[in-house]
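Presented below is the structure to which this report refers.
The values are calculated or read from the model by the stated rules, or taken from the named source; none is laboratory data. Treat the numbers as computed from the prediction; the structure is a model and nothing was measured. Here the Cβ is made from the backbone with ideal geometry for all residues, glycine too, and neighbour counts use every protein chain on show.
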Amino acid sequence: MRHIPVLVEEVVESLQLRSGMIIVDCTLGDGGHSERILQKIQPNGVLIGIDADIVSLDRAKKNLDKYDSKKIFINENFVNLEQILQKNKINKADGILMDFGWSSPQFSERGRGFSFNLDEVLDMRYDAKNDGKTAKDIVNNYSEKDLEILLRKYGEEKNSKRIALEIVKKRKTKEIVTTNDLVEIVMKINKKGKAKIHPATRVFQAIRMEVNNELEVIKKVLPDAVESLSVGGRLAIITFHSLEDSIVKHYFKSQSDKSIKIINKKPITGSVEELQNNPRSRSAKLRVVEKI
Ligand SMILES: C[S@@+](CC[C@H](N)C(=O)[O-])C[C@H]1O[C@@H](n2cnc3c(N)ncnc32)[C@H](O)[C@@H]1O
């Protein structure tokens with residue numbers, strides 16, 4: 001299954017794509033946005049596609065093979081954006097796109113434990129070859145207090161205290177290894193009830209954000225992204241979480257009329273049709289700025 005990109009035409013319009021542009025897609029995924037980007041910048045444009053996940057990168061390469069423009073694929077964390085561009089002799093970019101989070105095949109086909117619906121080992125790293133912490137490390141080693149804080153902060157989980165206690169109780173008897181182990185623990189506290197979302201949604205989200213240090217990398221990359229743009233170049237960012245959006249919004253505000261001009265005061269959201277057809281678009285927010 002190929003990832004369905006969100007807000008594609010809105011991104012194309014916001015980046016003011018034209019033939020010959022140099023565009024960086026920091027979160028290549030399955031290459032859905034990049035495909036539209038390539039259609040607009042060909043034949044002489046350059047696409048730099050970055051993804052921390054080598055499997056995503058390889059899939060995108062295949063999906064984008066038919067386009068003639070120059071394509072540079074990089075398997076790295078976008079937090080290293082400045083060094084990546086330097087290494088590849090890209091002085092400034094005309095446009096940069098970031099579309100945070102996971103792609104659908106990562107969630108459902110990669111065996112990394114992102115989904116509470118599949119029984120897999122708790123991993124949740126986008127970059128499965130780095131030796132950073134996994135979801136399994138977090139649930140088995142974080143203190144009860146740290147677990148509570150992370151579930152509350154990243155998951156806005158109202159039962160964070162009770163779930164943290166339950167995790168610590170469980171791991172005293174047996175290591176927590178799989179997604180099912182974790183779902184079982186969470187569902188002792190969060191009963192199925194009438195809620196529209198799965199009772200473990202917020203817990204899984206919080207742990208994934210911690211594993212990949214998601215908010216910290218966003219904070220770090222924003223100034224580097226602005227610095228990497230040519231004057232008149234645009235930065236388009238799609239977020240799916242209120243904390244992500246808040247970081248982007250506040251950074252843009254703090255730099256407004258200094259290094260950037262804010263293009264849309266309110267975030268762009270999906271059309272009624274997109275919201276109906278692609279559930280993932282329901283929480284998507286697009287913010288765009290221009291380098292001055
Ligand atoms: C929402 S998907 C992008 C989908 C893509 N726009 C498309 O149209 O198919 C996000 C992608 O970003 C990657 N990713 C997440 N955090 C990253 C990071 N810090 N550095 C590099 N890639 C990252 C994930 O591996 C995933 O493939």
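When you check residue 218 against the structure, is it within 13 Å of the chain's Cα centre (by Cα) and in a helix (DSSP H, G or I), yes or no?
So residue 218 fits the description; yes.
Give the stretch 61-86 a look and list any residue that's under 13 Å from residue 228 (Cα atoms) and basic (Lys, Arg), or say none.
none
Evaluate the stretch 86-93: report whether one residue or more is in contact with an Asp or Glu (Cβ under 8 Å, 6 or more places away or on another chain) and assigned by TED's automatic domain parsing to the domain that holds residue 279.
No, the stretch 86-93 has no match at all.
What's the number of the condition residue 40 fails, among (1) in the same structural domain as residue 241 (by TED's automatic domain parsing); (2) under 21 Å from the mean Cα position of the chain (by Cα)?
(2)
Looking at this structure, is residue 164 in a helix (DSSP H, G or I), free of Cβ contacts under 8 Å to residues at least 24 places away in the same chain and of a type in the set (A, V, I, L, M, F, W, C)? Steps first, answer last, please.
On the way: in a helix (DSSP H, G or I): yes; free of Cβ contacts under 8 Å to residues at least 24 places away in the same chain: yes; of a type in the set (A, V, I, L, M, F, W, C): yes.
Answer is yes for this residue.
If you go through the stretch 167-188, how many residues are of a type in the set (D, E, K, R) and without any contact (Cβ under 8 Å) to a residue 12 or more places away in the chain?
The total comes to 4.
Among the residues in the stretch 247-258, are any outside any helix (DSSP H, G or I), in the same structural domain as residue 287 (by TED's automatic domain parsing) and within 30 Å of residue 151 (Cα to Cα)?
no
Considering (1) within 11 Å of the ligand (Cβ to nearest atom); (2) part of a loop (DSSP other than H, G, I, E, B); (3) surrounded by 15 or more Cβ atoms within 10 Å (Cβ to Cβ), say which one residue 60 fails and leave the rest.
Only one criterion is unmet by residue 60, namely (2).
Test residue 179 against the criterion of being more than 19 Å from residue 243 (Cβ to Cβ) and touching a Gly at 6+ places or on another chain (Cβ under 6 Å), and give yes or no.
Answer is yes for this residue.
Take the residues in the stretch 117-137 that are crowded, with 21+ Cβ neighbours inside 10 Å and out of contact with any Lys or Arg (no Cβ under 8 Å at 6 or more places or on another chain); name whichever of them is modelled with the highest pLDDT.
The extreme case among them is 136.
Taking the residues in the stretch 145-184 that are out of contact with any Leu (no Cβ under 6 Å at 6 or more places or on another chain) and of a type in the set (Asp, Glu) as candidates, determine which candidate is farthest from residue 201 (Cα to Cα).
175
For the stretch 25-46, how many residues are in contact with a strand residue (DSSP E or B) (Cβ under 7 Å, 6 or more places away or on another chain), part of a helix (DSSP H, G or I) and more than 6 Å from the ligand (Cβ to nearest atom)?
So the count comes out to 4.
Would you check if residue 96 is of a type in the set (Val, Ile, Thr), away from the ligand (no atom under 12 Å from the Cβ) and either part of a loop (DSSP other than H, G, I, E, B) or closer than 26 Å to residue 246 by Cα (or both)?
yes
Could you tell me which of the residues 221, 248, 217 is within 15 Å of the ligand (Cβ to nearest atom), surrounded by 14 or more Cβ atoms within 10 Å (Cβ to Cβ) and free of Cβ contacts under 8 Å to residues at least 60 places away in the same chain?
When all the criteria are applied, what remains is 248.
For the stretch 67-93, which residues satisfy the criterion of being at pLDDT 95 or above, away from the ligand (no atom under 13 Å from the Cβ) and among the charged types (D, E, K, R)?
Passing the criteria: 70, 71, 82, 87, 89, 92.
Is it true that some residue in the stretch 142-149 is among the hydroxyl-bearing types (Ser, Thr, Tyr), over 29 Å from residue 51 (Cβ atoms) and touching a Lys or Arg at 6+ places or on another chain (Cβ under 6 Å)?
no
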